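Novice: Quick one: this structure, given as structure tokens, is what I'll be asking you about.
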Amino acid sequence: MYDCHIHSSFSGDSNMECHIAINTAIELGLEGIGFTDHLDYDYPNYDDVFMIDFDKYSEYIDNIKSQFKGKIQVLKGIEVGIQPHVVEDTLKVVNKYNFDIVIASVHIVDKLDLHNGDFCKNKTRNEAYSKYLKTVCETICQFENFDVLGHIDLIRRYGHYDVNTLKYNDFPDHIDAILNKLISLGKGLEVNTSGYRYNLASPMPDFDIVKRYKELGGEIICTSSDAHTPEYIGYKFDYIKELIIKAGFKYTSHFENRKPVFSPI
Ligand SMILES: [Zn+2]
Ligand SMILES: [Zn+2]
């Protein structure tokens, strides 16, 4: 399996050195590891934390890629946090470097941060979750230069609501709109295990949404830990492997040079 979504010390919110992450992935028997450090233009209050010297990053990952050739496949990626007004600037970075994989994520809605609680303030769970999903759908309609949608239900990690599950039947119209758009664009869906660090009882997204993606014709599933520290690399991958098989998939995917590559699961 590949862990397609990892943050290294290039991201302001991680101290993990790339070679430590890679050696951990080798010990775990992973076939590949994707570094997808953050680009989040206009992140409220933290603009500099999520800004990276991408010239340096790109060169460094290229070197480390060849250093570990034959031992494990290293992918050069980026996780772009999209807001409507940053699309143009983000595209410039995405197009400038020869990334293997581009993950599109929504971390900010209406200029309000999910992580610090601003977005969920004064919203019921229903209001916050439906607004988040609606924004994800609008985002992938505005920004199509990506390969995989990151943590489709990230909102579950935040808001301290009594119920932090997000099942297909809770918001079928919003979820179908997102999945159909992904499928029509030929983009992948990520199964991300980072929610376990936030006391979620299931991966992001939950099984029924992975199954729905398959039912609607989706084929590209990427396995991701979103690890910022070594102990979470490949976290709970045995479990999500079973879930992905149960949802009807015979393959998982990673991206090389922005093209999906399928591995039997
Ligand atoms: Zn993210
Ligand atoms: Zn991430």
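Values in this text are rule-based calculations from the coordinates and carry no lab data. Please read these numbers as outputs of a predicted model, since none were measured by experiment. All Cβ positions, glycine included, derive from the backbone under ideal geometry; neighbour counts span all protein chains shown.
Novice: Which residues, taken from the stretch 108-132, are surrounded by 15 or more Cβ atoms within 10 Å (Cβ to Cβ) and part of a loop (DSSP other than H, G, I, E, B)?
Specialist: LEU114, HIS115, ASP118, PHE119, CYS120, LYS123
Novice: Just give me the residues in the stretch 1-27 being surrounded by 15 or more Cβ atoms within 10 Å (Cβ to Cβ) and more than 15 Å from ligand 1 (Cβ to nearest atom), in sequence order.
Specialist: MET1, TYR2, SER9, MET16, CYS18, ILE20, ALA21, ILE22, ASN23, THR24, ALA25
Novice: Name the residues in the stretch 71-107 that are touching a helix residue (DSSP H, G or I) at 6+ places or on another chain (Cβ under 7 Å), more than 16 Å from ligand 2 (Cβ to nearest atom) and assigned to a strand (DSSP E or B), would you?
Specialist: Within the stretch 71-107, just VAL74 meets the criteria.
Novice: Could you list, in sequence order, the residues of the stretch 150-167 that are surrounded by 19 or more Cβ atoms within 10 Å (Cβ to Cβ) and either within 14 Å of ligand 2 (Cβ to nearest atom) or under 16 Å from the mean Cα position of the chain (by Cα) (or both)?
Specialist: GLY150, HIS151, ILE152, ASP153, LEU154, ILE155, ARG156
Novice: Another question, then. Condition test on PRO205, is it within 18 Å of the chain's Cα centre (by Cα), farther than 19 Å from VAL106 by Cα and within 16 Å of ligand 2 (Cβ to nearest atom)?
Specialist: Values: within 18 Å of the chain's Cα centre (by Cα): yes; farther than 19 Å from VAL106 by Cα: no; within 16 Å of ligand 2 (Cβ to nearest atom): yes.
In short, no.
Novice: Specify which of the listed residues (LYS181, LYS241, LYS250) is within 24 Å of GLU144 (Cα to Cα) and away from ligand 2 (no atom under 16 Å from the Cβ).
Specialist: On the way: LYS241 fails: within 24 Å of GLU144 (Cα to Cα); LYS250 fails: within 24 Å of GLU144 (Cα to Cα).
Being within 24 Å of GLU144 (Cα to Cα) and away from ligand 2 (no atom under 16 Å from the Cβ) holds for just one of LYS181, LYS241, LYS250, which is LYS181.
Novice: Also, I was wondering about something else. Which one of the conditions (1) touching a helix residue (DSSP H, G or I) at 6+ places or on another chain (Cβ under 8 Å); (2) among the hydrophobic types (A, V, I, L, M, F, W, C); (3) without any contact (Cβ under 8 Å) to a residue 60 or more places away in the chain does PHE143 fail to meet, given that it meets all the rest?
Specialist: Against the list (1) touching a helix residue (DSSP H, G or I) at 6+ places or on another chain (Cβ under 8 Å); (2) among the hydrophobic types (A, V, I, L, M, F, W, C); (3) without any contact (Cβ under 8 Å) to a residue 60 or more places away in the chain, PHE143 comes up short only on (3).
Novice: Right, here's the next one. Looking only at the stretch 217-230, filter to residues that are closer than 12 Å to GLY248 by Cα and surrounded by fewer than 19 Cβ atoms within 10 Å (Cβ to Cβ); which one of those is nearest to ligand 2 (Cβ to nearest atom)?
Specialist: Result: GLU219.
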